[in-house]
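Accompanying notes for the structure given below.
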Amino acid sequence: MGRTVISGGTVVTATETMTADVLIDGSTVVALAAPGIHSWTEGADKVIDATGKLVLPGGIDVHTHMELPFGGTYSADTFETGSRAAAWGGTTTIIDFAVQAKGQSAMDGFEAWMKKAEGKCAIDYAFHMITGDINDQTLKEMDMLMDEGVTSFKLFMAYPGVFYSTDGDILRAMQKAADIGAMVAMHAENGIAIDVLVEQALARGETDPIYHGIVRRSILEGEATSRAIALAEVAGAPLYIVHMTAKEALDAVTAARDLGKNVFAETCPQYLFLDLDNMGNGFEGAKYIASPPLRDRAEGHQERLWKGLATNDLQIVSTDHCPFCMGDHPTFGTQKQLGVGDFTKIPNGMPGVEPRMELIYHGGVSAGRLSLNRFVDVMCTTPAKMFGMFPKKGTIAIGSDADIVLWDPTGTKTMSVDNHHMAVDYSCYEGLEITGTVETVISKGQVIIADGEYHGVAGDGEYIKRGTSQTLI
Ligand code: URP
Ligand code: ZN
Ligand code: ZN
């Protein structure tokens, strides 16, 4: 790869904005300097002119599900297609979720996911562990997983009979996490109460996708979030609420943070751009089925989430990328159609790993809700710190991996299934015109996206052994 110079661009980190040349040696950033004061371009193997462009750290998506077995099928993107789509969208690291199913060992689950990803990824990747069966053996295996660089464990207060854990199991897992310095990631919805509402809806003949959104009440996300915060306090463990959608949940996290607790949260672009109305229109609404669901715009959840991102009540935007096709998937067969006539059978999840950076730049920076530095913070820097990868990842600094995106702040694009690279047959944002586009993507010094072409190969991405969270108070 040799020496690469990115010259004349505006380098943006979470804390600084500067016109600077960036010198990359091999896979690492080795120097930054005012443009032209060094003659770096003379001996360089590659010079990239970034005049008029922003030079951003590569995006980090801390919540993806490639090839997840779920709802009777598998999410549509493999590690190969999904990580390549992420690269197209300016993301250079993903954290996916390895799964321990009920009755299975967590280590076996981790090893299975390592095998699935090995040699397939376009960009670097790491894993959280879904601990779907809390028992003595799992608690022991959490130690072993920490040694493998899996330092965060997702638990579910939703999906009874699938991934659900009781409050007692959650407390046990949190106590273990507190002992070993792990982060607990929580899917916070009161799944037991939701199942009662689901049963009652079906008995009334309410089977369309929209009812998925109606029964999964925002107050039940708020309640579960408050309960998770209480359990984490009892255990003394840090807590990270995943895919937050509801103002009630954000109020609970904000209150905990104001008291100085190690409580954090992420939201996802779908909860910032879309709403309950998308789930209407008959079975078309199946495209937008995910849990927690899209919320009623009139209730004010969306603007509260945007505000939370600006004020650091919310720390990260991830995607929860978990796509399922509306038509048949070439390998996995019937997907969303599994739920025709019964919304509970529609596989839960939406595509999003590719448009994340462009959507949040458009709705955040271009729309004046987020500063450029805050954009970098929530998309790149805090994700790296939250999950133990900073400063190797998440910034542009001497010694950091050269994961860099050249960004055209005035570029425009129309979001569409016709121009995306995710292996799914629809876009949630079809027809949306955005301002601010990815131009060039560099992963560990190698240009993998440029001039509208992908230049990498499957297997360029490597597994990252993560450390413990760097955000704790
Ligand atoms: O509907 C969703 N969110 N599907 C993916 C699994 C999860 O709960 O994150
Ligand atoms: Zn979840
Ligand atoms: Zn998820």
To test your reading of the geometry: what angle, between 0 and 90 degrees and rounded to tens, separates the Cα axis of helix 106-117 from the longest principal axis of the chain? 50 degrees
Given R₀ = 35 Å, what would the calculated FRET efficiency be for residue 255 paired with residue 116, taking r from the Cβ atoms and rounding to 0.05? 0.35
Cβ-Cβ FRET estimate between residue 162 and residue 37, R0 fixed at 41 Å, reported to 0.05: 0.10
Rounded to whole Å, give me the distance from the Cα center of the range 274-353 to that of the range 193-270. 15 Å
What does the convex hull of the Cα atoms come to per residue for the range 1-84, in Å³? 127 Å³
Nearest 10 degrees, 0 to 90: what angle lies between the long axis of helix 247-258 and the longest principal axis of the chain (Cα atoms)? 60 degrees
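What pairs in 247/385; 53/154; 154/392; 53/261; 115/336; 102/287 have C-alpha atoms more than 32 Å from each other? It would help to have the intermediate numbers written out before the result.
Numbers: 247/385 25 Å; 53/154 38 Å; 154/392 24 Å; 53/261 39 Å; 115/336 27 Å; 102/287 28 Å.
53/154; 53/261, as the Cα separations exceed 32 Å there.
What number in nm² do you get for the range 94-232 if you take the convex hull of its Cα atoms and divide its surface by four?
Details: hull surface 38.8 nm².
Spelled out: convex hull of the Cα atoms, projected over all directions, averaged, 9.7 nm².
On a full-extension model of 0.36 nm per residue, what is the gain between residue 284 and residue 398, subtracting their alpha-carbon distance, rounded to one decimal in nm? Present the calculation step by step, with values, prior to reporting the outcome.
Numbers: separation 114, 0.36 × 114 = 41.04 nm, distance 4.85 nm.
Here the answer is 36.2 nm.
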Considering only the chain, what is the antiparallel percent among its DSSP beta bridges, to the nearest 5? 50 percent
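Could you work out the equivalent-ellipsoid semi-axes for the range 156-224, taking the square root of 5 times each eigenvalue of the Cα gyration tensor, largest first, in whole Å?
Values: eigenvalues 175, 24, 15 Å².
Over the Cα atoms of the range 156-224, the semi-axes work out to 30, 11, 9 Å.
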Which length gain, in nm to one decimal place, applies between residue 334 and residue 468 when the Cα-Cα distance is subtracted from 0.36 nm times their residue separation? 44.3 nm
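Give me Rg/Rg_expected for the range 251-362, where Rg uses Cα atoms only and Rg_expected = 2.2 N^0.38 Å with N residues.
Details: Rg = 16.0 Å, N = 112, 2.2 N^0.38 = 13.2 Å.
Cα-based Rg divided by the globular estimate yields 1.21.
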May I ask you to give the percent of accessible area on the chain that is carbon plus sulfur, with a probe radius of 1.4 Å? 49 percent
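Could you order 462, 67 by accessible surface area, starting with the largest, using a probe radius of 1.4 Å? Mind dumping the intermediate values first?
Values: 462 105, 67 45 Å².
So, going from the largest accessible area down, we get 462, 67.
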Probe 1.4 Å, accessible area per residue of the range 361-423, Å²: 33 Å²
The chain - mean residue ellipticity at 222 nm from DSSP helices (-39,500 (n - 2.57) per run, n ≥ 4, rounded to 500): -8000 deg cm²/dmol
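Taking loop as defined by DSSP and a crowding limit of 14 other beta carbons within 10 Å, which GluC sites (Glu not before Pro) in the range 107-197 fit? If you can, show how the numbers build up before the last one.
Numbers: sites: 111, 118, 141, 148, 189; in loops: 118, 148, 189.
Here the sparse-neighbourhood loop sites are 118.
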Let me check I have the definition right: for the range 1-140, take the eigenvalues of the Cα gyration tensor, multiply each by 5, take square roots. What are those semi-axes in whole Å, largest first? 41, 15, 14
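Work out the P(r) tail for the chain: percent of alpha carbon pairs separated by more than 35 Å, whole number.
Values: 29708 of 111628 pairs.
Of all Cα-Cα pairs in the chain, 27 percent lie more than 35 Å apart.
Could you tell me what fraction of 2.2 N^0.38 Å the Cα radius of gyration of the range 375-442 comes to, as a two-decimal ratio? Let's see the in-between values first.
On the way: Rg = 14.9 Å, N = 68, 2.2 N^0.38 = 10.9 Å.
The value comes to 1.36.
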Skipping prolines and chain starts, which residues have an amide H placed within reach, meaning under 5 Å, of the one on residue 324, given they are 5 or more residues away or on another chain? 76
Translational D in µm²/s for the range 333-473 (Stokes-Einstein at 10 °C, 1.306 mPa s, Kirkwood Rh from C-alpha pairs): 91 µm²/s
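Given all pairs of different Cα atoms, what value in angstroms does the Kirkwood hydrodynamic radius of the range 163-288 take?
Values: mean 1/r = 0.0637 Å⁻¹.
Result for the range 163-288, one decimal place: 15.7 Å.
The values are calculated or read from the model by the stated rules, or taken from the named source; none is laboratory data. On a predicted model such as this, the values are computed, not experimentally measured, just so you know. Quick reminder, even Gly has a Cβ in these numbers, built from the backbone with ideal geometry, and neighbours come from all protein chains shown. Heavy atoms of the whole protein, side chains included, go into the accessibility calculation; ligands, DNA and RNA do not. Shrake-Rupley method; radii C 1.70, N 1.55, O 1.52, S 1.80 Å.
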